[in-house]
Each structure stands twice: as structure tokens, then as C-alpha cells.
Amino acid sequence: TTLDIWRRLLAPNSTSGKVVLEEELCKVLQDHELCTTFNITTMDSGLLCMIVSSITEENLDVLCRNTDLLPTFLKIKSFPILWLVLRGFVHLSERPETARRIRTLLPDILQALQFDNVEVILKALNIFRNVVNHVGKMEACPVALELADRLLHLFNHASSEIRECSIRLFRDVIEAVAWWQKGKMKKRVLRSLVPLLLRKKDETLSVARV
């Protein structure tokens with residue numbers, strides 16, 4: 001699939017002809033017909049090219065200054081584009097100084113968890129985890145209750161990596177909820193007890209140990 005090709009192309013250990021392939025991919029993203037289909041400008045697609053290219057300090061700074069435009073890409077109904085955008089958010093969320101900017105976009109990123117795509121879900125979970133770690137639990141999670149609901153459904157996901165990541169993040173989200181929402185979060189915690197207990201016998205050891 002297109003997503004598989006892009007993922008292999010942009011893998012950290014991929015070096016063979018990577019620069020040339022990145023340039024070709026950028027040309028595709030800036031194609032006028034493609035931009036029209038996705039209802040974005042060629043200038044907007046330039047941000048996508050920065051996400052596609054090898055991440056540099058300069059690119060990160062530009063992306064950070066234009067985070068208000070990135071939610072537009074999250075609404076594009078294309079797994080490859082969504083994967084690229086989330087990839088950019090992952091890099092931004094890894095830096096403490098930019099993680100705070102990402103915080104305001106968490107409601108948009110949350111919507112990525114509704115898709116049944118392992119690569120997309122893992123990227124979204126990593127963004128939440130990074131923001132929580134850098135910004136602080138109470139400040140980082142303005143969508144704690146809704147996120148908790150989404151995570152509960154991921155405990156039984158076919159991917160062991162998603163099961164493990166969702167359980168770890170759920171524990172952080174429990175602490176991230178505001179005091180006036182503690183009662184509602186308690187209901188989520190009670191609903192999680194049986195699924196979490198079952199995961200203690202998970203066939204994947206790393207999940208069982210979470």
C-alpha cells in the first residue's frame with residue numbers, strides 16, 4: 001500500500017537513495033490536482049514536505065510556528081497523509097519546548113484513535129505519552145475522559161504493542177483528570193478492572209507485566 005511504501009521510505013534506518021525518494025515524494029504532495037482533492041493550498045503542502053523530509057532543527061521550528069495549520073491535515077481522509085502528519089506531531093512532541101504547543105491540538109489528535117490502523121494509532125498514543133511526560137499530567141490532558149474511553153477499547157486490540165501502550169497511557173490519564181471530573185473518571189477505572197485483569201494473562205509478556 002501507499003502507507004507501507006512511505007513508512008519504509010521514511011524509516012530511520014533507511015538510507016539507500018532516501019534523499020532522492022524524499023524529493024520525489026514532496027513533488028507528489030505538492031501536485032496541484034492532489035492539493036485540490038484534499039482542499040489544501042500548495043503552501044500548506046509545503047508543511048507536509050517538511051514532515052516528509054529528514055527532520056532538522058529548522059524544519060521543527062517552522063512546524064512549531066505553524067501548528068495552527070496542521071489540524072487541517074488531520075481531517076484529510078487519507079491514511080498516508082494522516083500518518084505523515086502524526087509523524088510530524090511525534091517529532092514535535094518529543095521536545096519539551098514544543099510539546100506545550102501540541103497540547104492544544106490533542107482533541108484533534110484524539111480522533112486518530114477511531115481508525116483501525118496500527119501505525120496511525122501508535123503514533124497518536126506516542127504523541128499523548130510524550131506530551132504528558134513533558135508538560136505534566138494535569139496540564140497535558142484536557143480530553144482525559146474521552147481519551148480514557150478510547151483507551152479502554154484498545155486493551156483488547158490485536159496488536160500487542162497497542163495493548164501495551166494503551167494500558168500505560170491509561171494509567172497516566174487517570175492522574176491527569178481535573179478534580180471536578182474525578183467521579184466520572186472513577187467509572188472508567190471500574191470498567192477497566194476486568195479488562196486489565198485479563199491482560200495479566202496476555203500471551204505477550206510485556207503486556208502482562210504492564
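The values are calculated or read from the model by the stated rules, or taken from the named source; none is laboratory data. As the structure is a prediction and not an experimental result, all values here were calculated from the model. Positions of Cβ are backbone-derived with ideal geometry, glycine not excepted, and every protein chain shown enters the neighbour counts.
Here are a few things to note about the model shown:
- Residue within segment 9-24 that is modelled with pLDDT under 80, in a helix (DSSP H, G or I) and surrounded by 19 or more Cβ atoms within 10 Å (Cβ to Cβ) present: no
- Of residues in segment 169-202 being at pLDDT below 75 and β-branched (Val, Ile, Thr), the one surrounded by the most Cβ atoms within 10 Å (Cβ to Cβ): 177
- Number of residues in segment 59-77 that are in a loop (DSSP other than H, G, I, E, B) and either surrounded by 15 or more Cβ atoms within 10 Å (Cβ to Cβ) or in contact with a Gly (Cβ under 6 Å, 6 or more places away or on another chain) (or both): the value is 2.
- Any hit, segment 87-96, residues being outside any helix (DSSP H, G or I) and over 28 Å from residue 185 (Cβ atoms): yes
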